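To start, the structure itself, in structure tokens.
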Amino acid sequence: MRRPRPNSIRWRLFGLAGAISALTVAIAGTLFILNDLSMLRRQMVRDLEVLAVVIGDNCLAALEFDAPQTAERNLASLRREYQIRVAALFDAGGRLFAAYRRDADQPLPALPRHEDGVVVVTPLLGLGRVEVLRTLHLDGQPIGRIIIQASTDELAAQRHRYALIAAGLLATTLTLSLLLAWRMQRRISEPILGLADKTEEISKEGDYRMRISEPPSSFDEIETLAKGLNQLLTTIQEREAELESHAVALDSANGRLRSLATEISLVEERERKRLATELHDSAMQKLAIARLQIEGVAERPASATEAAHDERLDVGLALIREVLGELRSLQFELSPPSLYLGGLPQALQSLAAHITARCGIAIDYVEPYAVPEPPLELAVVLYQCARELVYNVVKHARARKGVILVSSSDGGLDVEVRDDGQGFQMDAAPPPYGGSGGYGLYSVRERLAVLGGGLSVESGAQGSRVIMHVPMDAPVSTPSHTDPQVTEDTALRPLKR
Amino acid sequence: MSLALAFGPLPAGGDDNLIALKAAFVYKFTRFIDWPVAPADRPFIIAVIGDPAMHAALAALEEGSREVAGRPIRVRGSCDLDAADACQILFIGAAAEDRLADMVRRAAGRPVLLVGDTSGFAGRGVAIELFRKPDILGKREQLRFRIDPKALSGRGLTVSAQLYEVGEVLR
């Protein structure tokens with residue numbers, strides 16, 4: 001059910017058509033009536049002039065032979081002309097010779113003083129009377145004058161008839177035109193109202209899958225409007241789908257970020273635990289033994305010899321040196337100073353050397369050609385990821401040797417970690433959230449993804465090959481790391497996170 | 001005598017006025033009767049027989065340079081029938097009643113209008129007979145005329161219908 005609209009285009013079109021029709025008919029009717037009344041009045045004047053000539057000429061003999069009865073008979077023939085009220089014949093001396101009156105109480109006219117002609121007393125719309133005056137001549141000599149007066153009742157009656165006809169014509173025409181306008185306007189207003197209703201419905205329900213039914217091909221503005229609106233709806237729908245897709249992607253990215261944050265927290269926790277274990281199992285134990293050795297020297301028991309004191313001191317100092325070396329190694333693992341001093345290639349080279357020295361796996365660093373130095377933030381992330389991969393090799397691959405290879409491609413940087421180990425199953429790479437498995441590949445993949453990069457993994461019985469790729473203009477945030485002062489003191493401090 | 005006196009009812013005084021009125025009537029007949037076309041230099045002749053007074057009254061027309069269809073009027077008084085042969089109007093007075101039949105016979109078939117003022121002439125070959133007629137109240141008399149259509153036929157004269165309306169038509 002269409003909702004009524006007070007200013008609907010339908011009513012405006014209907015009113016416009018009706019007003020135009022009424023105005024047209026009124027103007028045409030008025031002009032027609034005025035023209036017809038004017039013609040009727042001219043015709044009436046002509047008729048009176050003709051009658052004056054004919055009757056006057058017929059009265060010439062009566063005037064000449066002084067036969068007023070004959071003249072009156074002639075004048076009485078005017079009775080057939082009902083609009084003629086009075087006719088009078090004057091002799092050459094101006095005396096009334098004969099007269100005719102339709103009504104007995106009609107006053108006889110006096111001899112007019114004006115010249116021959118027609119006098120219309122009320123010229124507008126035919127009301128009043130018309131008077132025709134004519135001088136009668138015989139052989140060129142004036143022998144009398146005739147005057148005929150007629151009322152314009154006929155004109156008034158005709159005007160009245162015309163008014164009725166015009167009113168009827170106006171009413172009929174207006175009715176027909178309104179009916180026609182009512183039928184015709186629907187061809188224009190219906191599609192527009194349909195467009196308005198559909199637009200309102202779409203706007204209210206917000207369902208942009210709906211479409212406006214296009215009118216039959218008429219190549220008019222309505223068809224253009226309908227097509228344009230449908231095109232607009234299609235565009236809105238596509239934008240909405242795109243927006244929805246972006247929202248889904250954003251949700252997914254947020255989820256991955258949350259997972260990454262969790263994974264990073266777990267990694268950090270594992271690292272802390274590993275560092276705590278290493279500190280407890282090795283450095284702290286050694287420091288405790290060193291303290292016992294040194295305290296034993298400080299207490300100087302009487303039974304101890306000088307040589308025993310020296311031996312204790314030597315053992316304690318050796319233990320302290322070992323602990324110092326272990327702490328340096330630990331600091332290197334956390335954040336190698338070479339990363340901040342020499343850049344990513346030098347840090348990776350140091351990592352390879354460190355692993356080779358400590359873990360019994362020969363890791364080579366290969367840089368076949370000079371690669372551009374990435375920004376520090378990017379270098380930190382790449383180093384951490386490469387270290388994770390190398391640790392995976394150490395922990396799980398059972399490899400004898402490996403390679404860290406740095407190259408560039410596609411405007412980005414590639415870091416490849418390859419080993420000759422036993423390989424691993426590919427589905428082990430993406431661990432569940434918070435899981436400790438997956439060799440850390442999941443967190444590596446996610447961190448690279450945040451940077452716009454990616455991770456490719458190939459693994460088999462002959463070993464594994466993991467390639468990291470990041471664009472050089474990757475959007476990295478300021479790392480939480482600060483450039484540590486690589487000194488003997490700071491080397492012993494844990495890195496700020 | 002002015003022909004203007006001839007208009008209207010008969011004047012109160014004397015035969016002179018009556019004769020003048022009759023003469024005016026004779027002249028007015030020329031305005032409502034057409035004669036065959038004749039050269040303009042040929043006079044329009046009105047002959048009077050048997051009424052010298054009427055001849056005198058009609059002579060005033062000639063003196064007044066009256067014309068009929070552009071032809072000057074000439075008035076001739078005569079007792080000779082031959083003189084009346086060439087006229088267009090022949091007025092026959094009462095004194096010529098004994099020659100009426102001869103005149104009618106001689107004018108037969110010719111474009112001559114025979115006019116008289118003697119009662120009974122109409123019906124005896126005279127086309128128009130003037131007579132006096134009292135008005136409806138009987139107080140005054142009017143000069144009227146009587147027309148005999150038979151006397152007009154066959155003469156080549158065209159008489160206006162108005163003349164029949166104004167005058168009495170002899171049945």
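If you take the residues in the stretch A:20-35 that are surrounded by 12 or more Cβ atoms within 10 Å (Cβ to Cβ) and among the aliphatic types (A, V, I, L, M), which one is nearest to the chain's Cα centre (by Cα)?
Ranking the candidates gives A:Ile20 first.
Among the candidates B:Leu61, B:Leu90, B:Leu130, single out the residue that is among the aliphatic types (A, V, I, L, M), assigned to a strand (DSSP E or B), within 14 Å of another protein chain (Cβ to nearest Cβ) and surrounded by 21 or more Cβ atoms within 10 Å (Cβ to Cβ). Spell out the reasoning first.
Numbers: B:Leu61 fails: assigned to a strand (DSSP E or B); B:Leu90 fails: within 14 Å of another protein chain (Cβ to nearest Cβ).
The conditions single out B:Leu130.
Select, from B:Val159, B:Val104, the only residue that is of a type in the set (A, V, I, L, M, F, W, C) and within 14 Å of chain A (Cβ to nearest Cβ). Don't jump to the end; show me each part of the working.
On the way: B:Val104 fails: within 14 Å of chain A (Cβ to nearest Cβ).
Only one candidate qualifies: B:Val159.
Taking only the stretch A:95-135 into account, find how many residues are modelled with pLDDT of 90 or more and surrounded by fewer than 14 Cβ atoms within 10 Å (Cβ to Cβ).
Here is the first cut: in the stretch A:95-135, the ones modelled with pLDDT of 90 or more are A:95-101, A:132-135.
Next cut, surrounded by fewer than 14 Cβ atoms within 10 Å (Cβ to Cβ) only: A:95.
Counting residues in the stretch A:95-135 that are modelled with pLDDT of 90 or more and surrounded by fewer than 14 Cβ atoms within 10 Å (Cβ to Cβ) gives 1.
Kindly evaluate A:Ala98 against the criterion of being in contact with a Ser or Thr (Cβ under 9 Å, 6 or more places away or on another chain), within 22 Å of B:Arg144 (Cα to Cα) and within 13 Å of chain B (Cβ to nearest Cβ). If you could, list the steps in order and put the result at the bottom.
Working: in contact with a Ser or Thr (Cβ under 9 Å, 6 or more places away or on another chain): yes; within 22 Å of B:Arg144 (Cα to Cα): yes; within 13 Å of chain B (Cβ to nearest Cβ): yes.
Here the answer is yes, as A:Ala98 does meet what is asked.
Give the stretch B:28-58 a look and list any residue that's away from every other protein chain (no Cβ under 14 Å) and in contact (Cβ under 8 Å) with a residue 60 or more places away in the chain, or say none.
Within the stretch B:28-58, the first condition is being away from every other protein chain (no Cβ under 14 Å), and the residues that meet it are B:35-43, B:45-58.
Within the stretch B:28-58, B:Trp35, B:Pro36, B:Asp51, B:Met54 qualify.
Tell me the residue from B:Val115, B:Val68, B:Val166 that is under 13 Å from the mean Cα position of the chain (by Cα) and within 14 Å of another protein chain (Cβ to nearest Cβ), please. Before you say what the answer is, go through the steps one by one.
Numbers: B:Val68 fails: under 13 Å from the mean Cα position of the chain (by Cα); B:Val166 fails: under 13 Å from the mean Cα position of the chain (by Cα).
Exactly one of B:Val115, B:Val68, B:Val166 is under 13 Å from the mean Cα position of the chain (by Cα) and within 14 Å of another protein chain (Cβ to nearest Cβ), namely B:Val115.
A quick yes/no check of all residues on (1) in contact with a Gly (Cβ under 7 Å, 6 or more places away or on another chain); (2) under 14 Å from B:Met54 (Cβ atoms); (3) surrounded by fewer than 22 Cβ atoms within 10 Å (Cβ to Cβ):
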position: B:Ala69; (1), (2), (3): no, no, yes
position: B:Pro72; (1), (2), (3): no, no, yes
position: B:Gly77; (1), (2), (3): no, yes, yes
position: B:Ala95; (1), (2), (3): yes, yes, yes
position: B:Asp98; (1), (2), (3): no, no, yes
position: B:Val104; (1), (2), (3): yes, no, yes
position: B:Arg110; (1), (2), (3): no, no, yes
position: B:Val115; (1), (2), (3): no, yes, no
position: B:Ser119; (1), (2), (3): no, no, yes
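For A:Glu240, all conditions in the list (1) assigned to a helix (DSSP H, G or I); (2) closer than 16 Å to A:Leu193 by Cα hold save one; what is the number of the exception?
(2)
Against the condition assigned to a helix (DSSP H, G or I) and not assigned by TED's automatic domain parsing to the domain that holds A:Ala379, how does A:Ala318 come out, does it pass? Step through it out loud before you land on a result.
On the way: assigned to a helix (DSSP H, G or I): yes; not assigned by TED's automatic domain parsing to the domain that holds A:Ala379: yes.
Yes; evaluated as a whole, the condition is true for this residue.
Assess whether A:Ala290 counts as being small (Gly, Ala, Ser), outside the structural domain of A:Cys359 (by TED's automatic domain parsing) and in a helix (DSSP H, G or I). It would help to see each step written out before you state the result.
On the way: small (Gly, Ala, Ser): yes; outside the structural domain of A:Cys359 (by TED's automatic domain parsing): yes; in a helix (DSSP H, G or I): yes.
So A:Ala290 fits the description; yes.
Output the number of the condition that A:Gly296 fails; it satisfies all remaining conditions of (1) surrounded by fewer than 17 Cβ atoms within 10 Å (Cβ to Cβ); (2) touching a His at 6+ places or on another chain (Cβ under 9 Å).
That leaves (1) as the condition not met.
Keeping to the stretch B:135-156, report how many residues are away from every other protein chain (no Cβ under 14 Å) and without any contact (Cβ under 8 Å) to a residue 24 or more places away in the chain. Explain how you work it out, then say what you get.
Kept after step one, since they are away from every other protein chain (no Cβ under 14 Å), are these residues of the stretch B:135-156: B:138-139, B:148-156.
The next check asks that each one be without any contact (Cβ under 8 Å) to a residue 24 or more places away in the chain; those that pass are B:138-139, B:149-150, B:153.
Qualifying residue count for the region: 5.
Would you call A:Val403 over 30 Å from A:Lys286 (Cβ atoms), out of contact with any helix residue (DSSP H, G or I) (no Cβ under 7 Å at 6 or more places or on another chain) and hydrophobic (A, V, I, L, M, F, W, C)?
Details: over 30 Å from A:Lys286 (Cβ atoms): yes; out of contact with any helix residue (DSSP H, G or I) (no Cβ under 7 Å at 6 or more places or on another chain): yes; hydrophobic (A, V, I, L, M, F, W, C): yes.
Answer is yes for this residue.
Between residues in the stretch A:284-295 that are over 13 Å from A:Arg321 (Cα atoms) and residues that are not polar (S, T, N, Q), which pairs lie under 6 Å by C-beta distance while being six or more apart or on different chains?
Once the first residue is over 13 Å from A:Arg321 (Cα atoms) and sits in the stretch A:284-295, its partners that are not polar (S, T, N, Q) give A:Gln293/A:Arg312; A:Gln293/A:Val315; A:Gln293/A:Gly316; A:Ile294/A:Gly316.
Which number in (1) within 14 Å of chain B (Cβ to nearest Cβ); (2) in contact with a Phe, Trp or Tyr (Cβ under 6 Å, 6 or more places away or on another chain) marks the one condition that A:Ala87 misses?
Exception for A:Ala87: condition (1).
Give the number of residues within the stretch A:53-77 that are facing chain B (nearest Cβ under 8 Å), aliphatic (A, V, I, L, M) and in a helix (DSSP H, G or I).
Total satisfying the criteria: 3.
Please identify the pairs in which a residue from the stretch A:309-321 that is of a type in the set (Gly, Ala, Ser) has its Cβ atom under 7 Å from the Cβ atom of a residue that is in a helix (DSSP H, G or I), counting only partners at least 6 apart or on another chain.
A:Gly316/A:Ala290; A:Gly316/A:Gln293; A:Gly316/A:Ile294
Which of the residues spanning the stretch B:93-126 are modelled with pLDDT of 90 or more, hydrophobic (A, V, I, L, M, F, W, C), more than 17 Å from B:Leu58 (Cβ to Cβ) and part of a loop (DSSP other than H, G, I, E, B)?
B:Phe121
The values are calculated or read from the model by the stated rules, or taken from the named source; none is laboratory data. Please read all numbers here as calculations on a predicted model, not as lab measurements. All Cβ positions, glycine included, derive from the backbone under ideal geometry; neighbour counts span all protein chains shown.
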